[in-house]
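Peer 1: Take this structure first; my questions come after.
The values are calculated or read from the model by the stated rules, or taken from the named source; none is laboratory data. Bear in mind the structure is a predicted one, so any value in this text is a computation, not a measurement. Glycine also receives a Cβ, built like all others from the backbone with ideal geometry; neighbour counts cover every protein chain displayed.
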Amino acid sequence: MVPVPPAAPDPPVAPVPPAAIATRGLTKEFGRRRVVDAIDLSVPRGAVYGFLGPNGSGKTTTIRMLLGLARPTAGVIELLGVPVPGRAPEVLGRVGALVEGPAFHPQLTGRANLARLDAADAHADPATSAARIDAALARVGLGPARDKRYRVYSLGMKQRLGIAAGLLVRRDMLILDEPTNGLDPQGTREVRHLIGSLADDGLTILVSSHLLSEIEQVCTHLGVMRQGRLVAQGPIGELRAAGRSRIRVVTVDHGRAADILTGLGAGDVRHEGTAVTADAGELAPEDVVAALVHGGVGVREFGMVASTLEDVFVSLTGEGFDVSG
Amino acid sequence: MSAVSAWVRLLGSELWLALGRRRNQFGLAVLAALPVLIAVAVAMSGSGGGGGPNFVGAITDNGIFVALAGLAMELTLFLPLAVAVLSGDTIAGEAGLGTLRYLLIVPVARTRLLLTKYVALVIESLIGALTVAVAGVVSGAIAFGLPPMTTLSGSTIGMPEALGRLALAVAYVTAGLAALAAVGLFISALTEQPIVAMVATTGIATLMWILDSIPQLDVIHPWLLVHHWTAFGDLFRDPVFTDGIVSGLWLALGYVVVFLAAAVAVFSRRDVTS
């Protein structure tokens with residue numbers, strides 16, 4: 001009797017872990033004003049997602065809905081695969097958050113404020129409370145100030161206490177709304193370092209800001225809000241590549257160079273000092289140089305200038321990032 | 001950790017937060033001061049009598065009446081004011097401060113938070129009423145002694161029984177304040193400004209006292225919470241006259257059920273935007 005070889009097991013299909021945050025058609029209206037307009041957020045696990053947009057573009061309202069603080073007018077939210085706000089209590093324990101600035105009882109110390117939040121957590125072990133509180137405070141560098149009243153904390157310390165509140169228990173995700181708001185450059189750098197080190201621990205982090213420059217360095221992904229709409233999102237490299245390069249030709253034959261560039265189909269031809277610039281579009285630089293030389297333009301310098309991420313965002317949002325509104 | 005001990009931990013945190021506030025400690029001291037003031041004033045003038053509240057006349061006979069007079073007087077303003085201030089702190093206060101959003105994302109289920117805060121309010125009401133009674137008994141004992149007590153019906157009961165009846169009076173007063181606390185909690189759930197909630201709750205208690213004092217409106221008197229509050233005096237009749245107390249308890253229960261349900265309905269759907 002020939003033993004039947006065991007059937008080759010199906011190759012294990014790794015279940016695709018649900019995205020850390022996924023929304024579809026997420027919309028919020030206050031009266032007739034549509035503050036968040038049908039956005040489809042997609043934050044992969046392990047990402048540091050920069051949630052960018054000018055003040056008033058709907059970032060904080062979106063974050064409030066993600067955390068079950070406000071109800072969507074329409075659309076669905078899944079946080080770590082769990083629908084919110086329907087089953088929010090199941091998943092919020094895995095999410096730490098700073099929403100619209102820190103808020104604590106001014107008469108209590110940093111430690112007492114965290115003890116209060118820990119007491120509210122039905123799943124937190126009271127036996128380890130003190131140790132977890134001190135560890136969270138140490139993590140954000142507030143160890144020496146833990147017994148000072150919140151009232152005397154500097155703005156930077158308040159922000160860091162807010163982050164510490166998100167670290168009281170083990171989390172899978174942090175949602176940080178404008179954690180660098182109002183901080184000086186030193187404080188901003190510290191918060192950025194903290195975000196980087198938390199991301200190294202494997203946490204998924206969504207961090208919002210109205211200033212690209214403050215968070216660009218730590219982000220792996222970006223999403224850009226403009227007037228309630230999510231106008232772009234994706235890995236930071238893709239967004240950077242989406243920016244167009246510009247041709248820059250330094251020459252004395254401005255008119256002729258401009259004519260040739262226009263003839264090649266380059267858009268937005270401009271005279272800038274000694275140079276002529278134009279959108280490169282799909283044009284290969286070697287073809288452009290050949291055409292210019294062939295056309296008798298005296299080329300002194302030639303270059304392709306890649307647009308910066310900032311340029312990409314200015315074009316997406318239509319305004320600078322430090323515009324308040 | 002069991003669900004019960006987790007809940008007790010949250011309740012403890014609520015009480016600790018309220019009782020740890022300087023403003024509330026000061027308020028408690030004010031509640032305690034009034035019975036002392038009554039005892040001192042009556043002792044200095046050397047006689048009860050006069051047109052004061054029912055109990056004042058009997059104070060010189062027995063110190064326990066200081067506690068009863070204190071409760072009767074403080075129910076008109078100070079005790080309702082204390083309940084209004086504390087209930088204003090519960091939701092509106094935390095919303096105004098911004099701490100409400102951080103509590104909710106811990107997460108704490110909204111109904112659980114609301115009901116825990118209500119239980120804390122009831123315990124704080126009890127502490128308030130008890131403070132008045134204890135301050136009254138102590139200052140009354142020092143000024144007038146605690147001989148066997150002559151009830152309002154003229155019979156005499158021993159001090160242990162009198163203190164037992166005083167404990168029942170404190171419990172009854174607490175029930176009335178707990179009903180007002182349910183109203184206060186509901187208002188607190190409607191607003192993000194604690195001052196608004198405090199003024200509104202105090203205003204409602206005061207308005208009920210005013211309506212209760214207008215004889216032409218006697219049709220609505222049985223429905224006014226405060227109308228029944230002074231019925232605790234019936235505990236010091238012999239035999240105890242329970243009609244007023246029982247209807248007071250039923251009305252208080254009705255207020256608690258209606259306003260707690262309304263508070264839960266409002267708060268569980270409200271957007272927290274502060």
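Peer 1: Give me the residue from segment A:191-217 that is more than 15 Å from A:Ile175 (Cβ to Cβ) and aliphatic (A, V, I, L, M) and, out of that set, farthest from the chain's Cα centre (by Cα).
Peer 2: A:Leu211
Peer 1: Now a separate question. May I ask you to list the residues in segment A:133-155 that are surrounded by fewer than 19 Cβ atoms within 10 Å (Cβ to Cβ), part of a helix (DSSP H, G or I) and not acidic (Asp, Glu)?
Peer 2: A:Ala135, A:Ala138, A:Arg139, A:Gly143, A:Pro144, A:Arg151, A:Val152, A:Leu155
Peer 1: Which residues, taken from segment A:83-113, are more than 7 Å from chain B (Cβ to nearest Cβ), under 19 Å from A:Met173 (Cα atoms) and hydrophobic (A, V, I, L, M, F, W, C)?
Peer 2: A:Val84, A:Val91, A:Val95, A:Leu98 - these are the residues of segment A:83-113 that are more than 7 Å from chain B (Cβ to nearest Cβ), under 19 Å from A:Met173 (Cα atoms) and hydrophobic (A, V, I, L, M, F, W, C).
Peer 1: On to the next question. Scan segment B:112-130 for residues that are surrounded by fewer than 22 Cβ atoms within 10 Å (Cβ to Cβ), within 14 Å of another protein chain (Cβ to nearest Cβ) and among the aliphatic types (A, V, I, L, M) and jot them down.
Peer 2: Matches in segment B:112-130: B:Leu115 only.
Peer 1: Kindly establish whether A:Leu117 is within 12 Å of chain B (Cβ to nearest Cβ), buried (at least 22 other Cβ atoms within 10 Å of the Cβ) and modelled with pLDDT of 95 or more.
Peer 2: Taking the combined requirement at face value, the residue satisfies it.
Peer 1: Still on this structure, please answer the following. Being closer than 30 Å to B:Thr156 by Cα, among the acidic types (Asp, Glu) and either within 14 Å of chain A (Cβ to nearest Cβ) or touching an Asp or Glu at 6+ places or on another chain (Cβ under 9 Å) (or both), is that true of even one residue in segment B:252-273?
Peer 2: no
Peer 1: Follow-up question, since we're still on this one. Quick check: anything in segment B:187-199 in contact (Cβ under 8 Å) with a residue 60 or more places away in the chain, in a helix (DSSP H, G or I) and touching a Pro at 6+ places or on another chain (Cβ under 8 Å)?
Peer 2: Within segment B:187-199 (the criterion being in contact (Cβ under 8 Å) with a residue 60 or more places away in the chain, in a helix (DSSP H, G or I) and touching a Pro at 6+ places or on another chain (Cβ under 8 Å)), the answer is yes, since at least one residue qualifies.
Peer 1: Tell me, please, whether a residue that is touching a helix residue (DSSP H, G or I) at 6+ places or on another chain (Cβ under 6 Å), of a type outside the set (Ser, Thr, Tyr) and outside any helix (DSSP H, G or I) can be found in segment B:156-168.
Peer 2: no
Peer 1: In this structure, does A:Val224 turn out to be surrounded by 21 or more Cβ atoms within 10 Å (Cβ to Cβ), at pLDDT 85 or above and outside the structural domain of A:Gly50 (by TED's automatic domain parsing)?
Peer 2: no
Peer 1: Going through segment B:93-111 one residue at a time, which ones are touching a Pro at 6+ places or on another chain (Cβ under 9 Å), facing another protein chain (nearest Cβ under 8 Å) and of a type outside the set (A, V, I, L, M, F, W, C)?
Peer 2: B:Gly98, B:Tyr102, B:Pro107
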